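Participant: The structure is given below, and queries will be raised subsequently.
Values in this text are rule-based calculations from the coordinates and carry no lab data. Quick caveat: nothing in here was measured; it's all calculated off a predicted structure. Note: ideal-geometry Cβ built from the backbone for every residue, glycine included; neighbour counts use all protein chains shown.
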Amino acid sequence: MYDLLIRGGTVVDPSQGLHAVRDVALADGKVAAVEAEIEGGASEAIDAKGLIVTPGLMDLHVHAFWGGSKYGVEPDRSNLARGVTTALDAGSSGAWTFPAFRNLVMDRAETRLYALLNIAAPGLVFQDDSELHELKWADVDRAVEAGRRNRDRVIGIKARLGRVQAANNDVEALKRAIEAAEALDGFVMIHVGNSATPLPDLMRMLRPGDAVTHSFHGFGDGALEDSGAVVEGMKEAQSRGVVIDVGHGAGGFSFRAAEKALSEGALPGTISSDLHINSIEGPVFDLATTMSKFMHLGMTLYEVVRRCTETTARTMGLDGKLGTLRPGACGDVTVMRVEEGRFTFHDRLTTAASLMGNRWEPAASVEASRRLAHVHTIKDGKPYRPWLG
């Protein structure tokens, strides 16, 4: 007797090389079986015929420190209710503010939340986003101490290296972030865009497994140079294991940049939303919408799902447990529908361009013929039903 049986959906699970109609059975919070036809009863069944069934989606870049950070949004309504079972908060809190984030948000949320500690001890509380203008905030010892006390939740370090956030301190801040991450056996994620140091120089400092987010922002120091050519340093970094992450956000994604990069084989390693207070009402909305944009750009459903499940789990050091429907893995499942029609997608808010100084580019929109729409979320074997409390 299973707890839950999901019948007849098209299972897309890149961790198993699977894209076929299958039944999925869950029991005791785990995946029990994935087979063409599962016999036996279940306490509950979901008819998934005509729907897409994937491992629970994972978002590598969100801001969930609701009420404590200038960017935070309530995690369950923005993640679990929209198909994301596991999310990584990307630096909303630092060593000083992480205890509040954990006690007031992470431990109370149903979404499975992990965190990258901001190398700046206060986290994202500065109203002018200047957390690394003073290097005294980039305290390695405090970051390592906080990370070790919370190793079940903290899996690495975040450093925002644009001029707005770090002024001319980007190289030293990154050195300190790497030092802290090495002490925690974690990875570093860097926020890029208009940094004082050329992006290729910063990426050469990164180690295999570290991540660059906002890679496709399109302002001349992401995937594309000012000339419009794909940055060779990004290809080189990716070839040695650096993760090229999307980090869409309000101003971190450009259709032009992404289209050019993809045409030259510079595909993202992970697709993330950078969902926060300024992007949740557009242009991001949710991870499924971000995935849909990359389908519009020519990536297959299978490859898009891979970058929100298998590769995200590997980047977070959670592969085998999450991002897969292999029997024995956590019973996290997302059910979606591919909708056909006419849908307008936007890449960035026009106001976000002003943050990049003189390199302004107007926001772009595209008309797409299909999109992914969330239908069901199952976490630890249980359907998410917020109305049941």
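Participant: Once you sort the root eigenvalues of the Cα gyration tensor of the range 185-305 as a ≥ b ≥ c, which label holds: rounded (a/c under 1.5), prolate (a/b larger than b/c) or oblate (the other case)?
Facilitator: Because its axes are fairly even, with a/c under 1.5, the range 185-305 counts as rounded.
Participant: Right, another one. Taking the Cα centre of the chain as origin, work out the dipole magnitude from +1 charges on Lys and Arg Cβ and -1 charges on Asp and Glu Cβ, in debye rounded to 20.
Facilitator: With only Lys, Arg, Asp and Glu charged at Cβ, the dipole is about 240 debye.
Participant: So for the chain: antiparallel DSSP bridges make up what percent, rounded to the nearest 5?
Facilitator: Expressed as a percentage, antiparallel bridges in the chain total about 50.
Participant: Could you pull out the pairs from LYS30/LYS321; LYS293/LYS382; LYS293/LYS321 whose alpha carbons sit more than 20 Å apart here?
Facilitator: LYS293/LYS382; LYS293/LYS321
Participant: Which longest run of the chain has no exposed loop site in it, a site being GluC sites (Glu not before Pro) in a DSSP loop with at most 14 other beta carbons within 10 Å, and the site itself not part of the run?
Facilitator: Counting at most 14 other Cβ atoms within 10 Å as exposed, the longest clean stretch of the chain is 135-263.
Participant: Quick one: putting +1 on the C-beta of Lys and Arg, -1 on the C-beta of Asp and Glu, what dipole do you get for the range 82-165 around its Cα centre, in Debye to the nearest 20?
Facilitator: In total the dipole reaches around 280 debye.
Participant: Given the options ALA313, LEU80, THR54, identify the residue whose Cα lies farthest towards the positive end of the charge dipole of the chain (+1 on Cβ of Lys, Arg; -1 on Cβ of Asp, Glu).
Facilitator: LEU80
Participant: Assign one of three labels to the range 57-315, namely rounded, prolate or oblate, based on the Cα gyration tensor with a ≥ b ≥ c the square roots of its eigenvalues; rounded applies when a/c is under 1.5, prolate when it is not and a/b is larger than b/c, and oblate otherwise.
Facilitator: Because a/c hits 1.5 or more and a/b fails to exceed b/c, the range 57-315 counts as oblate.
Participant: Within straight cross-link reach of LYS136, meaning Cα distance under 25 Å, which lysines are found once same-chain residues fewer than 8 apart are removed?
Facilitator: LYS70, LYS158, LYS175
Participant: Label point 7 Å out from ASP152 along Cα-to-Cβ: which residues of the range 87-113 have amide N under 11 Å?
Facilitator: Within reach of a label on ASP152: 107.
Participant: What's the ranking of 188-194, 151-157 by average number of surrounding C-beta atoms within 10 Å, highest first?
Facilitator: My ranking of the peptides, most packed first, is 188-194, 151-157.
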